[in-house]
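What follows is one structure encoded as structure tokens, with my remarks underneath.
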Amino acid sequence: MPLDPQVVEMRAKRAADDVPQLYTQTLAEARAADLASVQAAGGDVEPVHQVEDLVTEAGLPLRVYRPAGDGPLPTLVYFFGGGWTLGSIDTADGICRQLANAVPCQVITVGYRLAPEHPFPTAVHDCHAATQWIAAHADDLRADPSRLVVGGDSAGGNLAAATTLLARDSGPALAGQLLVYPNTLYGSDTASMRAGDDPFLFNRTSVSWYWNHYLTTPEDGENPLASPLLASSHADLPPALVITAEFDPLRDEGEFYAEKLHAAGVPTELSRYDGMVHGFFAMSGVLDGGRRAIAEAATWLRRTFHG
């Protein structure tokens, strides 16, 4: 299919405004531009019954979104995207609010540390430690530890997948994983990666730029915690929903990961959004496809939480 007409309009505006790619900017400029872009495309900020900022004993910031109702609440632990280099709790705010309301469920987003200041595997261990902490403090958080799902978009999807690998061996028990256009393989040379060369969209240069900030050496990319597709086994991982976008360099590796999970006996749903591009899940204010994907994720979460 061709690019969705709304994506065509968005791309044309970027071209007309000569919006610089994030990888041409300094880290400080790129982080500020990323936040501004996500907030502009996310639409109106949805009110949520309760929003609370916390910090774990280890110093990891968390933001908790609670719908109305008594606990214990089914809980999604959400990891923001941004190539392990950009992004923050604030860039995931719109997604977390929408999912908290739509499911409804408690959503807790994790302020893991960013590269290059904190390279691989810092972010993975931050995300796993935060998930363990949430499970251990379930009573205080009004969370139901038997209904705990991890999820994220882009690098956040990569971190969610890696967290399930760690949790399989050392806990906590997880009820599901929501992976939105995740990175799953360092140095991938897939058809979608080779085709991803549009100068006004997230492209293969973007992918390389993020990986180069995240990994200290190329050999780090062979670690399954960086490249979950390379795990020796994908058995006994939690049920998954994998969402991909047709015009995304990461499309194929996300879909290959879904195939790996399915082959290992993991209940897996794969949903490709034709005409969409990387980042669309966070663009529900301007892309109908983003709204549909949020709704699909909410439906899958509701099913996962309530059986």
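Just a few scattered comments:
- Descending by average beta-carbon neighbour count within 10 Å, the peptides 91-99, 177-185, 60-68 line up as 177-185, 91-99, 60-68, the highest first.
- Taking the chain and dividing mean pair separation by its residue count, relative contact order in percent (alpha carbons under 8 Å, at least six apart): 20 percent
- Taking the DSSP beta bridges with both ends in the chain, the antiparallel portion is around 30 percent.
- Packing around the peptides 6-19, 36-49, 199-212, taken as the average count of other Cβ atoms within 10 Å per residue, puts them in this order, highest first: 199-212, 36-49, 6-19.
- Whether the stretch 1-139 is rounded, prolate or oblate, judged on the alpha carbon gyration tensor where a/c under 1.5 counts as rounded: oblate
- For the chain, size of Cβ-based charge dipole, Lys and Arg +1, Asp and Glu -1, in debye: 420 debye
FYI, it's all coordinate maths here, none of it is from the lab. These figures come from a predicted structure and were not determined experimentally. Note that each Cβ is placed from the backbone with ideal geometry, even for glycine, and that neighbours are counted across all protein chains shown.
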